[in-house]
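Asker: Dropping the structure in here first, questions after.
The values are calculated or read from the model by the stated rules, or taken from the named source; none is laboratory data. All values reported here derive from a predicted model rather than from experimental measurement. Here the Cβ positions follow ideal geometry from the backbone for every residue, glycine too, while neighbour counts run over all protein chains shown. Quick note on the areas: whole protein, heavy atoms, side chains included, nothing else; ligands and nucleic acids left out. Shrake-Rupley method; radii C 1.70, N 1.55, O 1.52, S 1.80 Å.
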Amino acid sequence: MNTDERPAPPLTGGEREMLRGFLDFHRATLAMKCEGLTDEQLRLRSSPPSTLSLLGLVRHMAEVERAWFRRVINGEDIPFVWSEEGDYQAAYDPAGSTRAEAFTAWQAEVEHARRIEREATSLDVTGYQARWQADVSLRLVMLHLIHEYARHNGHADFLREAIDGTVGA
């Protein structure tokens, strides 16, 4: 895997710079775990009955980016990409999906998220999280996304190793 393109998170800096750096590091880690694999390999599921696959993780993270940055912080009334019912789990099903479809959607949502974060006046900007019935700050959203990526990148480690033996982050 080519890790030269993955940005190293900052070792010093302000809070916003650190959050942005760690989020981008984890985004790049997920992309790195998928590097060099065919659509078929990306659709391989972990172990029954789990439907977890690398392609499913990319699709899921597109939904997560969309929900937290666009729907919650930006207040956009937009549907989920892969579920009319707002079910995050639907994205995990990679059947019929391709790298191009999943990565295009994910990269578009990451770009929207970056724009929303850059344009926010501070990390204290809030949006309404309907599932929690509470206002949440951009700070919490960025921390939540770092947590979500870190957890799923652990899954991606196991999935990639099972596909071709590649290990390491």
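Asker: Of everything in region 7-43 that's in contact with a Leu (Cβ under 8 Å, 6 or more places away or on another chain) and of a type in the set (Asp, Glu), which residue is nearest to residue 93 (Cα to Cα)?
Answerer: The residue in question is 39.
Asker: When you scan region 50-76, how many residues do you find that are small (Gly, Ala, Ser), within 23 Å of residue 132 (Cβ to Cβ) and under 14 Å from the mean Cα position of the chain (by Cα)?
Answerer: Residues in region 50-76 being small (Gly, Ala, Ser), within 23 Å of residue 132 (Cβ to Cβ) and under 14 Å from the mean Cα position of the chain (by Cα): 2 in total.
Asker: Restricting to region 101-126, and then to whatever is among the aliphatic types (A, V, I, L, M) and assigned to a loop (DSSP other than H, G, I, E, B), can you tell me which residue is most open to solvent (accessible area, probe 1.4 Å)?
Answerer: For region 101-126, the residue satisfying everything is 125.
Asker: Run residue 29 past the list (1) over 18 Å from residue 150 (Cα atoms); (2) polar (S, T, N, Q); (3) part of a helix (DSSP H, G or I) and report the number of the one that doesn't hold.
Answerer: Among (1) over 18 Å from residue 150 (Cα atoms); (2) polar (S, T, N, Q); (3) part of a helix (DSSP H, G or I), residue 29 violates only (1).
Asker: Take the residues of region 127-169 that are within 24 Å of residue 86 (Cβ to Cβ) and of a type in the set (Ser, Thr, Tyr): which is surrounded by the fewest Cβ atoms within 10 Å (Cβ to Cβ)?
Answerer: Filtering first and then ranking leaves 128.
Asker: Another one. Could you tell me how many of the residues in region 136-164 are out of contact with any strand residue (DSSP E or B) (no Cβ under 6 Å at 6 or more places or on another chain) and over 19 Å from residue 55 (Cβ atoms)?
Answerer: So the count comes out to 11.
Asker: Can you find even one residue in region 84-95 that is open to solvent by less than 50 Å² (accessible area, probe 1.4 Å), without any contact (Cβ under 8 Å) to a residue 40 or more places away in the chain and part of a loop (DSSP other than H, G, I, E, B)?
Answerer: Yes, some residue in region 84-95 is open to solvent by less than 50 Å² (accessible area, probe 1.4 Å), without any contact (Cβ under 8 Å) to a residue 40 or more places away in the chain and part of a loop (DSSP other than H, G, I, E, B).
Asker: From the list 162, 134, 100, which residue is touching a residue at least 12 places away in the same chain (Cβ under 8 Å) and not aromatic (Phe, Trp, Tyr)?
Answerer: Answer to the check: 162.
Asker: For residue 12, state whether it is among the β-branched types (Val, Ile, Thr) and open to solvent by 50 Å² or more (accessible area, probe 1.4 Å).
Answerer: yes
Asker: Contact list please: Cβ distance under 7 Å, first residue in region 31-50 and over 17 Å from residue 105 (Cα atoms) and open to solvent by less than 40 Å² (accessible area, probe 1.4 Å), second residue in a loop (DSSP other than H, G, I, E, B) and modelled with pLDDT of 95 or more, pairs at least six apart or on different chains.
Answerer: none
Asker: State all residues of region 1-26 that are at pLDDT below 90 and either part of a helix (DSSP H, G or I) or acidic (Asp, Glu) (or both); if no residue qualifies, say none.
Answerer: Answer for region 1-26, where residues must be at pLDDT below 90 and either part of a helix (DSSP H, G or I) or acidic (Asp, Glu) (or both): 4, 5.
Asker: A follow-up question, please. If a residue has to be modelled with pLDDT of 95 or more, touching a Lys or Arg at 6+ places or on another chain (Cβ under 7 Å) and of a type outside the set (Asp, Glu) to count, how many in region 33-51 make the cut?
Answerer: Counting residues in region 33-51 that are modelled with pLDDT of 95 or more, touching a Lys or Arg at 6+ places or on another chain (Cβ under 7 Å) and of a type outside the set (Asp, Glu) gives 2.
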